[in-house]
Amino acid sequence: MASPDRIAPDLPAAIARLTEMIHEAGFIVPFTGAGISTECGIPDFRSPGGLWTKNRPIPYDEFLASQEARNESWRRRFAMMDEFGGARPGRGHRALASLYRAGKVPGVVTQNIDNLHQASGIAPEHVVELHGNTTYAHCLDCDSRFELAWVRERMAAGNGCAPDCPSCGGFIKTATISFGQAMPEAAMRQAEELTLGCDLFLAIGSSLQVWPAAGFPLMAKRNSARLVIINREPTEFDAAADLVVRQDIGTVLEPFIVH
Ligand code: NAD
Ligand code: ZN
């Protein structure tokens, strides 16, 4: 349990304490999870009714092993596209983009795959995607990029059969990291550099249950950065945090948006 004085008692206290900490910080690294995007209409994984409870994720080895798993993975992707393809950045994304423009945030580390940090105005090279990006696809062998619309067309033309790479015959997958797939080395390195270079680390909207991503908040804390956890539900790391905010992310971060 976090000691009670670390848990913000209410919204005004949370915003006041966060304002002080942001003011006192030199470099801030936000670390975001699905919770920052729920107000944009994209459900998170673990909340009731979330994606997790509807479909068991397809692990990487199954995707590689069967055409049917690849077809199913793409069918789900296009169903999601129809449901939340038009999502726009929310208040949390816009607040972080404001801190980025102000020079306080050198980069954002995210577990999200929805491209909304880039859409909020953060340069792509400053968005460190630990689990990749679902808004485009690539060949698992030669890394050629493919747009989702192209995959969809080919699937429709091929009786629902997911296409392979026209240049090398490799499997085409969204540019995300599935369970069982190796973590992206460059992103892990960049995340570590950011984490070790900041003096304030903000874990926002993550249940902090997916590893190795969940290791970054503690890495920051051990490196003597201050740690803030903003999440509706308690997390396992609340006891290590300097401030725990169990409120709605958009409402907590809205005051930091600079137009
Ligand atoms: P998670 O679903 O495990 O946890 C999200 C947390 O956010 C929950 O604890 C929930 O209580 C909290 N939350 C949701 N809405 C909130 C709000 N408005 N205010 C405050 N708290 C709120 O998500 P995770 O930790 O990111 O791990 C899930 C994995 O699923 C990640 O690896 C990610 O790649 C993937 N994922 C991504 C998206 C996306 O890109 N938008 C969506 C779902 C899942
Ligand atoms: Zn290829």
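The residues neighbouring Ala175, those whose beta-carbon lies less than 9 Å from its own, together hold a net charge of +1 under the Lys/Arg +1, Asp/Glu -1 convention. Dipole orientation for the stretch 1-113: of the candidates Ala34, Ala95, Ile15, Ala95 has the Cα lying most toward the positive pole (charges on Cβ; Lys, Arg +1; Asp, Glu -1). If the segment from Glu254 to His126 were pulled out straight at 0.36 nm per residue, it would be longer than the present Cα-Cα gap by 43.9 nm. Over all Cα atoms in the stretch 1-110, the spread is summed up by Rg and Dmax: 18.8, 54 Å.
Computed over the chain with a Gaussian network model linking Cα atoms closer than 10 Å, the most mobile of Ala182, Ala25, Ala14 is Ala182. What's the longest piece of the chain with no exposed GluC sites (Glu not before Pro), counting a site as exposed if DSSP puts it in a loop and it has at most 14 other beta carbons within 10 Å? Result, exposed sites excluded: 1-146. What the phi angles of the stretch 37-47 give under the Karplus curve with 6.51, -1.76 and 1.60, with θ = phi - 60°, is a coupling list of 9, 5, 6, 8, x, 9, x, 7, 7, 9, 5 Hz, glycine and proline written as x.
In the chain, the inverse of the mean reciprocal separation of distinct Cα atoms equals 19.1 Å; this is its Kirkwood hydrodynamic radius. Stretched out straight at 0.36 nm per residue, the stretch from Gln209 to Arg145 would grow longer than its current Cα-Cα span by 20.0 nm.
Each reported figure results from applying straightforward, stated rules to the coordinates on display, with no laboratory input. Please read these numbers as outputs of a predicted model, since none were measured by experiment. As a convention, Cβ positions derive from the backbone with ideal geometry for all residues, glycine included, and neighbour counts pool all protein chains shown.
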